[in-house]
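Enquirer: Dropping the structure in here first, questions after.
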Number of protein chains: 2
Amino acid sequence: MPEEDWTPPPVLLAVDLVIFTLRESVLHALLVERGVDPFCGALALPGGFLDNDREDVVAAAHRELQEEANLDAAQLHLEQLGAYGAPDRDPRGRVVSVAYLAIAPGLPVPIAGTDAARATWTPVSDILGGHVRLAFDHEQILIDGLERARSKLEHSALATTFCGKTFTINELQQVYEAVWGIELDLRNFYRKVQAVSDFIVPIGAERRAGKGRPARLFKAGPRTTLHPPLTRPTGATTAEGKQ
Amino acid sequence: MPEEDWTPPPVLLAVDLVIFTLRESVLHALLVERGVDPFCGALALPGGFLDNDREDVVAAAHRELQEEANLDAAQLHLEQLGAYGAPDRDPRGRVVSVAYLAIAPGLPVPIAGTDAARATWTPVSDILGGHVRLAFDHEQILIDGLERARSKLEHSALATTFCGKTFTINELQQVYEAVWGIELDLRNFYRKVQAVSDFIVPIGAERRAGKGRPARLFKAGPRTTLHPPLTRPTGATTAEGKQ
DNA sequence: TCAAAAGTGTTCCATTTACACCCATGC
DNA sequence: GCATGGGTGTAAATGGAACACTTTTGA
């Protein structure tokens, strides 16, 4: 038991960000190349330390998102994944990191000249397949983020944030297929997704894709939690994103 | 962007524990009466600061569980709920807390003379009903822990850890009813729970409860994840535990 | 023999799945 | 026309809810 005048040891608090997007129907994560030791030159999740001792933790995550990825922080929903606090996870000392999950529609890599200069979108399958190694315990954080994203697709309207302002049902389906890493029956997906009231609402217009019948365009509806949920087939937990 | 020689602000890291148990088929949470300011005299979740800067965060949670509740830490599974880091959550300064969820079978309140002297099991419905106020943001942490426990019951064999070494199916059902806050059809529960292979295994013996047909005794099986899951009725999210 | 608790069988209904089929467009 | 992708209909399989019914005990 601590003494009366005992003071707890201070730690350094960092935030790390798992940012997913879809590029050509393939799930990508945002990585940055580290410019300083430790792990200088290696790839890592974007993130950083608290700015000052009055900064909210989720605010720090938003700030890093802005600084390192140049993504407008206010728009994106950040969800906490958890704290990572193994004593030896950072060779510099005792660093506890709070990880957040963010989802963004497909965007170009932002401008050089900022912290984001070394930011790159990397296919998730490359990371999970071992072709790309991440610094610290960031691979575990990314795996946890992927599982969280997969689960969120079932119960929330998260998938629409992968898409643009308007989208076809098929585009929405490709989001589910890319994140879940499986293929879905497009005809059943059609009805399932439209049976969820206020999940997606028809915009009236259509989109011509060159050949075939034009697809109706939809926009995200007001609903954020899905009733009934769009459940993925049980046991179909693929380690990698859709090829 | 921080300067080269800039150093991040240190924070104090704490752990808080949401510990649930069942006493007479009512869900209880372990609370401690605070002996020091702030919130001196108020009830709070058990927890405390990191002991030293080499201590693992989950190890600190185990240690506090031992110190404050006298519960054998090694036996219990701790699951991280997340980090709570609002700047003003602790008037003493910048304290970020990592919360953990633990489940214990019904146990008496441990011995006086330790940190655990002021530990009490409190019905969860009293806390959620506003009859009991908690210090800091501990009510929110407890609510998050309850929702996590409810969800875990669906997909994991967690419910058996609420019971003793052996139990009847009816006792197991009471766990689900107490945590979910709803009533279940005992006849359907029977088959559902036995349809999950290796979830519970019959021990051969029976238990006589005074009147009525003796119930078969079971013990927890090797399976930790439930296939198929025991889903709770959709929309049946009661705010309080079973009365 | 009756009450009470354990355990079984069966029916009904909602959801899921698989797939046949029709619609609208470019070439 | 015909290939291509968009969208609808429908029947079989599945799984859960409801509940009648049987079994085993104590009193």
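Enquirer: Being under 29 Å from residue A:29 (Cα atoms), open to solvent by 70 Å² or more (accessible area, probe 1.4 Å) and not in a loop (DSSP other than H, G, I, E, B) is the filter here, so list the residues in region A:171-187 that pass it.
Expert: Listed by number, the list holds a single entry, A:186.
Enquirer: Of all residues in region B:68-100, which are crowded, with 19+ Cβ neighbours inside 10 Å, more than 8 Å from chain A (Cβ to nearest Cβ) and either among the β-branched types (Val, Ile, Thr) or in contact with a Ser or Thr (Cβ under 7 Å, 6 or more places away or on another chain) (or both)?
Expert: Once the filter is applied, which keeps residues that are crowded, with 19+ Cβ neighbours inside 10 Å, more than 8 Å from chain A (Cβ to nearest Cβ) and either among the β-branched types (Val, Ile, Thr) or in contact with a Ser or Thr (Cβ under 7 Å, 6 or more places away or on another chain) (or both), region B:68-100 yields B:84, B:95.
Enquirer: Further question: What do you reckon, is residue B:57 buried (at least 20 other Cβ atoms within 10 Å of the Cβ) and within 8 Å of chain A (Cβ to nearest Cβ)?
Expert: Working: buried (at least 20 other Cβ atoms within 10 Å of the Cβ): yes; within 8 Å of chain A (Cβ to nearest Cβ): yes.
The answer is yes for residue B:57.
Enquirer: Looking only at region A:140-160, how many residues end up being in contact with a Leu (Cβ under 8 Å, 6 or more places away or on another chain) and open to solvent by 40 Å² or more (accessible area, probe 1.4 Å)?
Expert: Final tally of qualifying residues: 5.
Enquirer: Let me ask something else. Exactly one of these conditions fails for residue B:233: (1) within 13 Å of DNA strand D (Cβ to nearest atom); (2) within 14 Å of chain A (Cβ to nearest Cβ); (3) open to solvent by less than 40 Å² (accessible area, probe 1.4 Å). Give me its number.
Expert: Tallying (1) within 13 Å of DNA strand D (Cβ to nearest atom); (2) within 14 Å of chain A (Cβ to nearest Cβ); (3) open to solvent by less than 40 Å² (accessible area, probe 1.4 Å), residue B:233 fails exactly one: (3).
Enquirer: Find all pairs meeting these conditions: Cβ atoms under 7 angstrom apart; at least six residues apart or on different chains; first residue within region A:171-189 and within 12 Å of DNA strand D (Cβ to nearest atom); second residue open to solvent by 30 Å² or more (accessible area, probe 1.4 Å).
Expert: As it stands, the answer is A:173/A:184; A:173/A:186; A:174/A:25; A:186/A:170, since those pairs meet every condition given.
Enquirer: Can you give me the number of residues within region B:195-207 that are within 12 Å of DNA strand D (Cβ to nearest atom) and over 19 Å from residue B:25 (Cβ atoms)?
Expert: Total satisfying the criteria: 4.
Enquirer: Name the single residue that is farthest from DNA strand C (Cβ to nearest atom) among those in region B:191-230 being within 15 Å of residue B:159 (Cα to Cα) and in a strand (DSSP E or B).
Expert: The qualifying residue farthest from DNA strand C (Cβ to nearest atom) is B:225.
Enquirer: Look through region B:1-19, keep the residues that are at pLDDT 85 or above and facing another protein chain (nearest Cβ under 8 Å), and return whichever of them is farthest from the chain's Cα centre (by Cα).
Expert: So the residue we want is B:8.
Enquirer: For region B:7-23, state whether one or more residues are under 24 Å from residue A:14 (Cβ atoms), surrounded by fewer than 23 Cβ atoms within 10 Å (Cβ to Cβ) and among the hydroxyl-bearing types (Ser, Thr, Tyr).
Expert: Within region B:7-23, one or more residues are under 24 Å from residue A:14 (Cβ atoms), surrounded by fewer than 23 Cβ atoms within 10 Å (Cβ to Cβ) and among the hydroxyl-bearing types (Ser, Thr, Tyr).
Enquirer: Within region A:101-118, work out how many residues are open to solvent by less than 50 Å² (accessible area, probe 1.4 Å), within 14 Å of chain B (Cβ to nearest Cβ) and modelled with pLDDT under 95. Spell out the reasoning first.
Expert: First, the residues of region A:101-118 that are open to solvent by less than 50 Å² (accessible area, probe 1.4 Å): A:101-106, A:110, A:116.
Next, from what is left, pick out any that are within 14 Å of chain B (Cβ to nearest Cβ): A:101, A:116.
Still in the running and modelled with pLDDT under 95: A:116.
Going through region A:101-118 one residue at a time, the tally reaches 1.
Enquirer: Going by the structure shown, is residue B:49 more than 17 Å from residue B:134 (Cα to Cα), aromatic (Phe, Trp, Tyr) and either more than 12 Å from chain A (Cβ to nearest Cβ) or open to solvent by 10 Å² or more (accessible area, probe 1.4 Å) (or both)?
Expert: It is true that residue B:49 is more than 17 Å from residue B:134 (Cα to Cα), aromatic (Phe, Trp, Tyr) and either more than 12 Å from chain A (Cβ to nearest Cβ) or open to solvent by 10 Å² or more (accessible area, probe 1.4 Å) (or both).
The values are calculated or read from the model by the stated rules, or taken from the named source; none is laboratory data. This structure is a prediction, so every number in the text was calculated from the model and none was measured. Glycine gets a Cβ as well: all are built from the backbone with ideal geometry, and neighbour counts include every protein chain shown. Note: areas computed on protein heavy atoms with side chains; ligands, DNA, RNA excluded. Shrake-Rupley method; radii C 1.70, N 1.55, O 1.52, S 1.80 Å.
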